[in-house]
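Structure first, commentary second.
The values are calculated or read from the model by the stated rules, or taken from the named source; none is laboratory data. Here the structure is a predicted model, which means the values were calculated and not measured. Reconstructed Cβ throughout: ideal geometry from the backbone, glycine too, with neighbour counts over all protein chains shown. Areas reflect the complete protein model, heavy atoms only, side chains present, ligands, DNA and RNA absent. Shrake-Rupley method; radii C 1.70, N 1.55, O 1.52, S 1.80 Å.
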Amino acid sequence: MILSYRWLTELVDLGDRTPDEVAEIITFHIAEVEEVEHVGAELADVVVGHVTSVEPHPDADRLRVCTVDAGPVGTHTVVCGAPNVAAGQRICFAPVGTTVQGPDGPIVLERRAIRGVESAGMICAEDELGLGEDHSGILVLPEDAPVGEPIGEALRLTDTLIDIGNTAITHRPDLWGHVGFARDLGAVLRAEVRYPDAGAAESALEAAEGEPYDVTIEDEEGCRRYLGLALDGVTNGQAPLWMRRRLELCGVRSIDLLVDLTNYVLLEQGQPLHAFDLRHVRGDKIVVRRGRDGEVLRSLDGVERPVGPEDVVIADAERPVALAGVMGGEDSGMVGDTTALLLEAAT
């Protein structure tokens, strides 16, 4: 299990203790730490920039000549070919001397003339910073991102990863999330624990209207508790960069906003969640039961999986939609136009 030191500092007051000191406290009092890894140093020279002007390149239709205010780093002229660059944006600015990811590997930026216009630095896309695979345009930051601040701090991208041995927490389900470790650290250090605020969610549940969703547990040995919450009026898309980065550092691949939210809560609370696209839950019901001979589930990884009486499945009125505690079905998974979902939390 991988813990984010930055995440822990949001949940418990660690004072001025360094990540290595916190890892030592965890090993001696809570669970064995196998490795400590500091990440994000490669982003140290990249800062938040403000594009103050964008002009056409005099000798290239697809290029723009941008003026970038980078605060203490100074103001620079940058030739940029991204289709989405615009005046007024906050962006990631890599000055001359910074190492970025090029199409064939790392490159060190140099001051150079591009079609007759001198360019000093780069306005970066996600892939050029090693933060993803998107190269469709530059990475546009929130409007309130502080100009001149290193993006590692401004966007919470730098971190220290504390790798916990899985066998050390096998019988401690209270430690299967960051909140659990924050709780134990708070006890050891006599420090304040700041639990995530659930007030908005609790208020929404109290105000919710509609009939209870139909959930039946036929296999009580395989599933002691199953909670389902139907949500309508949601919008899918891409999760914010800081969330995608946090998930990926903890070993979870970013998919989309709705899936990423379920995985984020898993890493925070230690409670697995799964979301079904409500359009594809047949009969408006969930049945937790044993598999039946001849049934097949096409799982989210695209594999056709035969299920039988030895398997616990989550089914709708007609067929399995998930292999309980393992993986959901492809046919009922989140997609770009999902607007209603069934959120599962089960044991």
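The table below lists the values:
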{"read-out": "When residues of the range 307-332 are limited to those that are touching a residue at least 24 places away in the same chain (Cβ under 8 Å) and of a type in the set (D, E, K, R), the one surrounded by the most Cβ atoms within 10 Å (Cβ to Cβ)", "value": "ASP316"}
{"read-out": "THR9 being at pLDDT 95 or above, open to solvent by 20 Å² or more (accessible area, probe 1.4 Å), under 25 Å from LEU241 (Cβ atoms) and in contact with a strand residue (DSSP E or B) (Cβ under 6 Å, 6 or more places away or on another chain)", "value": "no"}
{"read-out": "Strands (runs of 3 or more DSSP E) wholly inside the range 277-347 that include at least 1 residues being of a type in the set (Asp, Glu)", "value": "295-298, 304-307, 340-346"}
{"read-out": "Subset of the range 18-51 (residues that are part of a loop (DSSP other than H, G, I, E, B) and in contact (Cβ under 8 Å) with a residue 60 or more places away in the chain)", "value": "ILE30, ALA31, GLU32, GLY40, ALA44, ASP45, VAL46"}
{"read-out": "Pairs where the first residue, in the range 80-94, is within 7 Å of ILE123 (Cβ to Cβ) and the second is charged (D, E, K, R), C-beta under 6 Å, 6+ apart", "value": "CYS80/ARG64; VAL85/ARG64"}
{"read-out": "Flag for PRO106 being in contact with a Ser or Thr (Cβ under 9 Å, 6 or more places away or on another chain) and loosely packed, with under 13 Cβ neighbours inside 10 Å", "value": "yes"}
{"read-out": "The range 43-64: number of residues that are hydrophobic (A, V, I, L, M, F, W, C), crowded, with 20+ Cβ neighbours inside 10 Å and under 15 Å from SER119 (Cα atoms)", "value": "1"}
{"read-out": "Index of the failed condition, ALA182 passing every other in (1) surrounded by fewer than 21 Cβ atoms within 10 Å (Cβ to Cβ); (2) at pLDDT 95 or above; (3) part of a helix (DSSP H, G or I); (4) not charged (D, E, K, R)", "value": "(1)"}
{"read-out": "Filter pass, ASP260 being more than 30 Å from GLU24 (Cα to Cα), modelled with pLDDT of 95 or more and of a type in the set (Asp, Glu)", "value": "yes"}
{"read-out": "Flag for ALA70 being modelled with pLDDT of 95 or more, open to solvent by less than 20 Å² (accessible area, probe 1.4 Å), out of contact with any Lys or Arg (no Cβ under 7 Å at 6 or more places or on another chain) and not β-branched (Val, Ile, Thr)", "value": "yes"}
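Yes or no, residue by residue, for (1) out of contact with any strand residue (DSSP E or B) (no Cβ under 7 Å at 6 or more places or on another chain); (2) open to solvent by less than 50 Å² (accessible area, probe 1.4 Å):
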residue	(1), (2)
ALA120	no, yes
GLU133	yes, no
SER136	yes, no
VAL140	no, no
GLY148	no, yes
GLU153	yes, no
GLY165	no, yes
ASP197	yes, no
ALA201	yes, no
